[in-house]
Amino acid sequence: MIMTTVIQLENVTKTIKGRKIIDSLTFNIHEGEVFGFLGPNGAGKTTTIRMMVGLMKLSEGDIFISGHSIQSEFEKAIQHIGAIVENPEMYKFLSGYDNLKQFARMQKGISSNRMDEVVKLVGLEERIHDKVKTYSLGMRQRLGIAQSLLHRPKVLILDEPTNGLDPAGIKEIRQYIRNLAEKEGMAVIVSSHLLSEMEMMCDRIGILQKGKLIDVQSVRGWMNEGMDTYSIEVDDVEAEAALNYIKAAFSDIKPARTASCLTFEAEKEDIPAIIHFLTGKGLAIYEVKKVSKSLEERFLDITEKREVI
Amino acid sequence: MVSAFAAFTKYEENKQSEQPDWKQVVQAENAVYAQQLNDQREMTADQRAHIEGQIEINEYRLTENVPVQTSEYMWSFVENASDFLQVAGLFMIVVAGGIMANEYTWGTIKLLLIRPISRSKILLSKYVAVVLFGLFLVSMLFLFSVIIGAALFGLSGQSAHLAYVNGQVVEQNMLFYLVKLYAMKSVEVLILATMAFMISAVFRSSSLAIGISLFLLFMGPNVTYILSMRYEWAKYLLFANTNLLQYETGTAVVEGMTMSFSLIMLLIYFLVFQLFAFTVFAKRDVAG
C-alpha cells in the first residue's frame with residue numbers, strides 16, 4: 001500500500017526566550033492513520049500542535065500540509081485542517097447549531113446538509129439547538145469535533161481529546177476517531193500523556209520528551225517487542241539453591257530473588273526447560289507466571305533510557 | 001434615555017415665561033460682543049474672529065428679519081440630543097474594548113484563527129463590526145431624536161442654520177448642518193473606539209481597554225486643556241484635536257491650530273493605532 005503523506009514536519013524548532021521548547025522535529029503523517037503524540041506534561045505536545053495549526057509561529061523549519069507551507073501559504077494549508085486545541089471552547093451564549101453556523105460561515109462550501117450530517121455523526125441531534133452553556137463536557141467535546149469536521153478536512157488534530165471525559169465518553173471518542181481514519185481516510189493526530197489510551201486508538205505513536213522526538217513506533221510492533229518477564233515461586237528455604245542452579249545451567253538468564261520468588265527475563269520457549277530442570281533437582285514449584293510489563297513501564301523505560309543518553 | 005430627556009425639556013419649556021422680543025435680545029447680545037472686543041486684549045485671533053462672526057450673524061438677522069429660535073422644535077431638539085453621542089460613545093467603547101479581548105477570554109480565538117482566513121482579515125472584520133455598530137448607534141440617536149422631537153415639539157421653526165463662512169453670512173440647510181454636527185462629534189468617539197479596539201487586540205484585556213478609553217473620554221479633554229495653557233506641544237496631543245467643533249466656535253485649544261491640522265493629526269493617531277493592532281496581532285503566538 002502506498003501511503004500518501006498529508007503532513008510533513010521538517011526540522012521544526014521553536015525557541016522562546018532563548019530556550020528551545022521544540023527541537024528539530026522531523027516526521028511525516030500519512031493518510032488514514034491515527035498518529036499519537038505521547039509525552040509527559042510539558043514535553044511540547046501542545047506547542048507542536050499549535051504550530052501545526054498556525055497559532056504559533058515557527059522559529060525554524062517548516063510544516064507542509066498537503067504540500068502547502070503553513071508559513072507562506074497559510075490559507076491554503078489550513079483549509080485541510082480541522083482541529084480542537086486544548087478545550088473545545090465555544091460561544092456559550094449561542095446554541096450548538098449557531099456555533100457551527102458561525103464557523104461554517106468562515107469557510108467556503110459548507111451547506112446546511114453538511115451541518116446536519118456532522119451533527120448526526122457526533123450524535124448531538126437532540127441537543128443541538130440548546131445553548132452551549134447547558135452542555136456537559138462530553139457534549140462540548142462532541143460539538144468541538146463537529147466543528148472541526150465541517151469542511152471535510154484531510155487532517156484532524158485533537159489535543160487531549162479524552163481529557164475530562166468519563167469512560168463511556170472516552171470509548172465513544174475513540175470509536176469516532178478510528179472510524180474517521182478508516183472510513184474517510186483522514187489523518188488523525190491526537191495527543192495525550194496516557195499511554196493506555198493511545199495504545200487503543202493509534203496506529204503510530206511518537207514520543208516527545210523535552211521538545212525532542214525520541215521515538216516513533218508502530219503500536220503493534222512496540223507492544224510485542226522484547227522478552228517477557230517470568231516469575232517462579234519456590235519454597236522459601238530452597239530459593240537460594242534454585243537461584244544458583246539456574247545461574248549455573250542457563251548462562252544467558254539472570255534471575256533475581258525476592259523472598260521465595262525468582263524473576264527473570266526469558267523467551268517463552270525456554271520456560272519448559274527451566275521447569276523441567278528445577279523439578280529434576282527435586283525443588284518444589286508452587287507457581288510459574290508471566291509478568292507482563294505494563295505499557296507505562298515500557299514507556300518509562302524508553303524515556304528514562306533516552307534521558308541517560 | 002432620549003425620551004426622558006425630551007420629556008424633561010418639554011416640562012421645562014412649559015414652565016418658561018413669555019420670551020422678550022427677539023430683536024431686543026439680539027441687539028443686547030451684539031452690544032455685549034462689541035464690549036468684549038474692546039475690553040479683552042488678551043483674546044486670541046480665533047476668538048476675535050468668532051465673535052466678529054457672531055456679530056455679523058446677528059446683524060444679518062436684523063436686516064433680513066430672521067428671528068432667533070427661542071422655543072424648542074424638532075431640529076433644535078436634535079441639536080441638543082447630540083450630547084447623547086457621548087453615551088453612544090460609551091457603548092461603542094465597551095463593544096470595541098471587548099470584541100477581541102473576549103475571544104481570548106472565551107478561548108474561541110483559537111477556533112477563529114484556524115479558519116482559512118488570514119489574521120489581518122479577521123481583525124479587519126472585527127473593526128468593521130465595531131464601526132458599523134457605532135454608525136448604527138449614531139444614526140439611531142439621530143433618527144430617534146428626529147421622531148421624538150417632531151412628536152413632542154412639532155415641526156415649526158427656523159428651517160435654516162446661519163453660519164459665518166469666509167466673511168459672509170450664509171443660510172445652511174438645517175438637516176445638512178445637523179448631520180455635520182453629528183459627524184464632527186462622532187469623530188472623537190470613533191478615534192477612542194479605535195484606541196479601545198487596539199488595546200483590546202494588543203493587550204487581550206477588555207477591562208484595560210474599556211477602562212483606559214473611558215477614562216480618556218471623560219478626562220482627556222480636561223487634561224489636554226490644562227496642558228495647553230502652558231505648553232505649545234499640547235496641540236499634538238490626541239485630545240487637542242478630537243473636538244472639531246472648536247474651529248466652528250473659535251475656541252481652538254492652542255492658537256494657530258486649523259481644521260486640517262487636526263484632521264491630519266487624527267489620521268496619524270488612527271493609523272498608529274491600527275498599525276500597532278495589526279502588526280502585534282498578526283505576529284502573536286496564541287497560547288493559553
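Just to be sure I understand: of the beta bridges DSSP finds with both ends in the protein assembly as shown, what percent are antiparallel, rounded to 5?
Bridges in the protein assembly as shown that DSSP calls antiparallel: roughly 70 percent.
Pulled fully out, how much extra length does the chain show between residue B:176 and residue B:268, if you take 0.36 nm times their separation in residues and subtract their Cα-Cα distance?
Values: separation 92, 0.36 × 92 = 33.12 nm, distance 2.76 nm.
30.4 nm is the gain from fully extending residue B:176 to residue B:268.
Given the peptides B:270-277, B:257-264, arrange them by the average over their residues of other C-beta atoms within 10 Å, most packed first.
For the peptides B:270-277, B:257-264, the packing ranking is B:270-277, B:257-264.
Size of the dipole of the protein assembly as shown about the Cα centre, Lys and Arg at +1 and Asp and Glu at -1 on the beta carbon, nothing else charged, in debye to 20?
720
Can you pull the semi-axes for chain A, root of five times each eigenvalue of the Cα gyration tensor, sorted largest first, whole Å?
In descending order, the three semi-axes are 48, 23, 16 Å.
Of the options A:48, B:199, B:245, report the single residue whose Cα projects farthest towards the positive end of the charge dipole of the protein assembly as shown (beta-carbon charges: Lys, Arg +1; Asp, Glu -1).
A:48
Mind checking A:89-99 for the average number of partner chain beta-carbons within 10 Å of each residue's beta-carbon?
Details: counts 8, 4, 5, 2, 1, 0, 0, 0, 0, 0, 2.
Across A:89-99, the average partner-chain Cβ count within 10 Å equals 2.
Can you compute the modelled spin-label distance between residue A:257 and residue A:243, with each label point 7 Å from Cα toward Cβ, in nm?
Calculated label separation equals 0.4 nm.
Rounded to the nearest 5, what % of the DSSP beta bridges within the range A:5-223 are antiparallel ones?
55
What ranking do A:105-118, A:150-163, B:170-183 get when scored by the average of other Cβ atoms within 10 Å per residue, highest first?
Put in order of decreasing packing, that is A:150-163, B:170-183, A:105-118.
Given H placed on each backbone N at 1.01 Å, which residues far from residue A:6 in sequence or on other chains put an amide H within less than 5 Å of it?
So residue A:6 has HN proximity to A:29, A:30, A:31.
Would you tell me the mean number of C-beta atoms belonging to other protein chains that fall within 10 Å of each C-beta in A:50-56, as a whole number? Don't skip to the end; give the middle numbers.
Values: counts 5, 1, 1, 4, 5, 8, 4.
Mean partner shielding for this stretch: 4.
Between helix A:96-105 and chain A, what is the angle of the helix's C-alpha long axis to the longest principal axis, kept within 0 to 90° and rounded to the nearest 10?
Helix A:96-105 sits roughly 70 degrees off the main axis of chain A.
Calculate the mean, over all residues of peptide A:105-116, of how many other protein chain Cβ atoms lie within 10 angstrom of the residue's Cβ.
Per residue, the average neighbour count from other chains is 1.
Can you give the angle from 0 to 90° between the axis of helix A:295-308 and the longest principal axis of chain A, with both taken from C-alpha atoms, to the nearest 10?
90
With no solvent and one point per C-alpha, what does the Debye sum give as log10 I(q)/I(0) for the protein assembly as shown at q = 0.05, 0.06, 0.07, 0.09 Å⁻¹?
For the requested q values the scattering log ratios are -0.42, -0.54, -0.66, -0.88.
Which whole-angstrom value gives the distance between the alpha carbon centres of the range A:73-94 and the range A:163-184?
Measuring centre to centre over Cα atoms gives 19 Å.
Based on the mean of other beta carbon atoms within 10 Å per residue, what is the order of A:6-17, A:76-87, most packed first?
A:76-87, A:6-17
Along Cα→Cβ, 7 Å out, is where each label goes; now give me the distance between the ones at residue B:233 and residue A:250 in nm to one decimal.
So the label points at residue B:233 and residue A:250 sit 8.7 nm apart.
Read-outs throughout are calculated quantities, based only on the coordinates presented, and are distinct from any laboratory measurement. Keep in mind it's a predicted model, so treat the numbers as computed, not measured. As a convention, Cβ positions derive from the backbone with ideal geometry for all residues, glycine included, and neighbour counts pool all protein chains shown.
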